[in-house]
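Remarks on the structure that follows.
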Amino acid sequence: MKSIADWQKALKMSVERKFPNSSWGESERLTSIQEQLDDVVAALSVEQKTLESADHAHQDPDHRIGALIADILILAEERNADIESELEKVLAWFEKRD
């Protein structure tokens, strides 16, 4: 199984191969993340039958969640973020009992 750091690197390398002339920065990546999140919301609404959409991006919520996570991990790799360490901190915060 790949570590989160392995996924970050693999996704970033794949994006660079697929879009070699892309000059995306943080702003464009954040816009893409927002669009992916909007697709997740729409796909869940289609699944719950509260929205009708023929858009292929709205037909599979799980795939949309995967695409959202991929975009987030690419951003993390671009920032050289140690997401595994950050997730440990977040988990510790969730588990903290007052």
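For the stretch 55-80, residues that are farther than 16 Å from residue 24 by Cα and under 14 Å from the mean Cα position of the chain (by Cα) total 9.
If a residue has to be of a type in the set (A, V, I, L, M, F, W, C) and modelled with pLDDT under 95 to count, how many in the stretch 16-41 make the cut? Final tally of qualifying residues: 2.
The values are calculated or read from the model by the stated rules, or taken from the named source; none is laboratory data. What you see is a predicted model; the values in this text were computed from it and never measured.
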